[in-house]
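In what follows, a single structure is set out as structure tokens and then discussed.
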Amino acid sequence: MAKAIDIQDLVVEFPGARRGSAVRALQGLSLSVEQGHVYGFLGPNGAGKTTTMHVLLGFIRATSGVARLFGEDVRHTIARRRIGYLPEHPNTYRFLTGRELLHMAGRLFGLPRAALQARVAELLAQVDLEAAADRRLATYSRGMLQRIGLAQALVNDPDLMILDEPTSGFDPLGRARIRAIIAGERERGKTVFFSSHELSEVERLCDRVGILSGGRLVTEGSVAELVKAGESLEQYFISTIRSAAN
Ligand SMILES: Nc1ncnc2c1ncn2[C@@H]1O[C@H](COP(=O)(O)OP(=O)(O)OP(=O)(O)O)[C@@H](O)[C@H]1O
Ligand SMILES: [Mg+2]
């Protein structure tokens, strides 16, 4: 079975501030995610998590290296058909209502009109936004934008969800809900790849975690393999990042 995500020696360079200089956001990243797993992608600010996701989504091209989704090179559009994506800052289309946004997203994926109505109602209930469904996104709070973004990412019933800090901005009830959504996706055999700084959430949800530092994967494994008894994932994370920096 093909891996849901397979990344080999990925390098991404952005143009630097001075002419001819470059920022190396990813420096030979290799990583793979099995189908059906929930994978927590961790790392300090600027480590390269969002950049990695942008390569997977085809938003930016890698300088070198290969990335595949379900065996398809991400440079081919077909690789992205089975993905749902929640961006780090989901605040586009502010003139649409929540319901309209989900209808538009569903139509982009070619869902038949008849099925769409029911699907949108189901998603609005899942993220608890029924009461605000007919308000413009411009009037949504940060957590509400995060919720509608998550519903949008689910509209095509994706096999792989790529979520960039999905729990940021959620209240405790919202977090419990998103944990339930992720766990539900896993139960149905789906794959979830998400970045997060909230390590207690990660500890509860993930089959595997990878820690990125300076554009490289510094450690990977299940929480049980990595974290000693009596230690938290947060303590492990801090000591790993400190030793990677030395
Ligand atoms: N368009 C760009 N141009 C230049 N540099 C960029 C660009 N996008 C990202 N970078 C740089 O690449 C590095 C990785 O950034 P990235 O956004 O991937 O980090 P991250 O791990 O998602 O961080 P955070 O936890 O803060 O979201 C940073 O040094 C960032 O400044
Ligand atoms: Mg980021």
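Look at (1) touching a residue at least 12 places away in the same chain (Cβ under 8 Å); (2) within 16 Å of ligand 2 (Cβ to nearest atom); (3) part of a loop (DSSP other than H, G, I, E, B) and you find that Lys3 fails only one, number (2). Scan segment 181-202 for residues that are more than 14 Å from the chain's Cα centre (by Cα), of a type outside the set (Lys, Arg) and under 17 Å from Asp157 (Cβ atoms) and the total you get is 4.
Given the structure, is Arg99 modelled with pLDDT under 95 and of a type in the set (D, E, K, R)? It is false that Arg99 is modelled with pLDDT under 95 and of a type in the set (D, E, K, R). Residue-level check: of (1) under 30 Å from Ser141 (Cβ atoms); (2) outside the structural domain of Tyr140 (by TED's automatic domain parsing); (3) among the hydrophobic types (A, V, I, L, M, F, W, C); (4) crowded, with 16+ Cβ neighbours inside 10 Å, Phe70 misses just (1).
Identification of helices (runs of 4 or more DSSP H) wholly contained in segment 130-223 with 2 or more residues that are small (Gly, Ala, Ser) and either within 16 Å of ligand 1 (Cβ to nearest atom) or in the same structural domain as Leu42 (by TED's automatic domain parsing) (or both) yields 172-187.
Entry remark, segment 38-47: residues being surrounded by fewer than 24 Cβ atoms within 10 Å (Cβ to Cβ) and within 9 Å of ligand 2 (Cβ to nearest atom) number 2 in total.
Exactly one residue out of Arg113, Arg75, Arg107, Arg94 is within 20 Å of the chain's Cα centre (by Cα), modelled with pLDDT under 95 and either buried (at least 18 other Cβ atoms within 10 Å of the Cβ) or away from ligand 1 (no atom under 16 Å from the Cβ) (or both), and it is Arg75.
Conditions tested, residue by residue: (1) farther than 15 Å from Val38 by Cβ; (2) modelled with pLDDT of 95 or more.
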| site | (1), (2) |
| --- | --- |
| Asp128 | yes, no |
| Ala132 | yes, yes |
| Leu145 | yes, no |
| Ile148 | yes, no |
| Val155 | yes, no |
| Met161 | no, yes |
| Pro166 | no, no |
| Phe170 | yes, no |
| Ile181 | no, no |
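The values are calculated or read from the model by the stated rules, or taken from the named source; none is laboratory data. The structure displayed is predicted, hence computed values, not measured ones. Counting neighbours? That spans all protein chains shown, and the Cβs are built from the backbone with ideal geometry, glycine included.
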